[in-house]
Structures are given as structure tokens and as C-alpha cells.
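Take a look at the structure below.
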Amino acid sequence: MQEQVNSGLWHLVTSAGWFPLSIMAILLAASVLSWTVIFAKWRGFREAKLHNGNFLKAFRKSSDLAVMAAAVQQFPLAPLVSLFEFGFEEVDRQVKAHGALANKISLERWLQLGSSEQLTRLERNMNWLATVAAVAPFVGLLGTVWGIMDAFVALSGAGSASLRAVGPGIAEALFTTALGLFAAIPAAVAYNYFSHALREMATRMDDFTLEFLNLAERSYGD
């Protein structure tokens with residue numbers, strides 16, 4: 001039974017016209033690319049969360065920003081490290097110029113820049129998932145409309161309501177609909193999941209900003 005289904009699908013693909021084949025190729029390419037993005041983002045967020053946790057443990061044990069700055073190379077995949085480096089560079093400039101942390105607002109702005117840079121990096125390629133989730137069903141629908149048109153053309157040529165006449169067109173229509181959903185559903189689910197992970201990361205960065213400011217004030221405040 002399974003062999004018959006696979007044979008039927010293969011025959012459907014090989015016997016389709018250029019337009020349905022184009023629709024199928026576009027949807028398959030969109031699906032492959034979206035799954036590539038999904039696996040890459042999943043790995044990226046997982047590593048970011050793991051290394052952030054390790055970095056935070058070390059940061060909270062340290063009472064000296066300068067000592068922590070020398071140890072950040074141990075956590076190259078932690079987004080919070082980049083945020084720390086933005087903040088420490090500004091602290092270092094102010095301490096060298098004034099002997100103390102003289103401008104807290106400037107430090108907050110540098111920390112915000114570091115946070116924005118990392119969130120933008122983590123968000124990269126997520127727009128592709130949103131595009132596939134939104135557009136793929138309509139591309140599949142376009143193939144569906146084309147298949148139904150083929151079915152009606154075949155029906156008018158046959159002169160009678162024969163399943164043999166309308167079957168290929170209806171099958172193409174249903175197949176492109178299925179391909180559109182196959183591409184769109186995982187992309188939509190993944191986009192929502194990674195959007196939630198990104199919001200969690202933004203919250204973590206906001207919390208770390210407060211921790212960094214507190215330690216900087218204790219260490220270098222007037």
C-alpha cells in the first residue's frame with residue numbers, strides 16, 4: 001500500500017506541468033531553507049543560554065570588573081560577554097579620565113548598545129521563518145487554483161464527469177496545498193518559539209545590565 005502511494009506521488013510529480021513543478025520546487029526549497037534556519041537558531045539559542053549561565057556564575061562570584069574582564073575569554077559564546085565588554089570599556093574610559101565612574105547615564109547607554117547588538121545577532125534570519133510561515137500557504141493555494149483549473153479544462157475536453165479526466169488536476173491541487181502547509185507550519189511554530197526565547201534573552205540582558213551597574217558603582221563610584 002505504501003509503495004503504491006509513493007509510486008502515485010512520484011508519478012504525480014513527473015507528470016505535472018511546468019507551473020505546478022515550479023510551485024513544488026519553490027515550496028520544497030522554502031521548506032529546506034526554513035529547516036536549516038530552525039536547526040541553526042535552535043543550536044544558537046541553546047549554546048547562548050548554556051554559556052550565559054556559566055558566565056553569570058563566574059560574574060556573580062567576582063567582586064572586581066577588571067579581574068572578570070580578563071576571564072571573559074572562557075565564555076566566547078555567551079551573549080552577555082559582549083554586553084559586559086561594552087560596559088567595561090566605558091567604565092575603563094571613565095576611570096582613566098576621572099579616577100571614578102563619573103557618568104552613569106553614558107554607561108547605561110553603552111550597555112543598551114551592547115544588548116541591542118546581541119539581540120540583533122540572535123534575531124538574524126528569523127524574518128525568513130516569518131516569511132515562509134506567511135507566504136507558503138498562499139503559494140500552495142496558487143498551485144491549488146492552477147490544479148483545479150487544469151481539472152476543469154480536462155473535464156470540458158472529456159465531455160463527461162470522468163474521474164480519470166479530473167483526477168490528475170485535483171491531485172496536483174491537493175499536493176501543492178499539502179506542500180504549502182508542510183513548509184508553513186514548522187516555520188510558524190519555530191518563529192513563535194524563537195521569538196519567546198528572544199524575549200527571555202532580552203529580559204536576561206536587562207537583568208544583567210542592572211547587576212553590572214551595581215557592581216560598577218560599588219567598585220568605581222565616587
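Values quoted throughout were computed directly from the atomic coordinates according to the rules given, and no laboratory measurement underlies them. Since this is a predicted model, take the numbers as computed values, not measurements. Every residue, glycine as well, gets a Cβ built from its backbone with ideal geometry; the counts of neighbours run over all protein chains shown.
Miscellaneous remarks
- Local net charge near S116, Cβ-Cβ under 12 Å (Lys/Arg +1, Asp/Glu -1): -1
- Cα-projected label distance for V67 with F39, points at 7 Å along beta-carbon direction, nm: 4.3 nm
- Over the range 15-220 - Rg/Rh using Cα atoms and the Kirkwood inverse-distance radius: 1.31
- Each Cα pair under 8 Å and six or more residues apart adds its sequence gap; the mean of these over the residue count of the range 15-220 is a relative contact order of 31 percent.
- Cross-link reach list, lysines versus K41, counting only Cα pairs under 21 Å and skipping chain neighbours closer than eight places: K49
- Relative contact order, percent, the range 47-129 [alpha-carbon distance under 8 Å, six or more residues apart]: 27 percent
- Each peptide in 175-183, 29-37 was scored by the mean count of other Cβ atoms within 10 Å over its residues; highest first, the order is 175-183, 29-37.
- A Cβ-based charge dipole, computed about the Cα centre of the range 15-220 with Lys and Arg at +1 and Asp and Glu at -1, lands at about 300 debye.
- Our estimate of slack between F138 and N192, defined as 0.36 nm per intervening residue step minus the Cα-Cα distance, is 17.5 nm.
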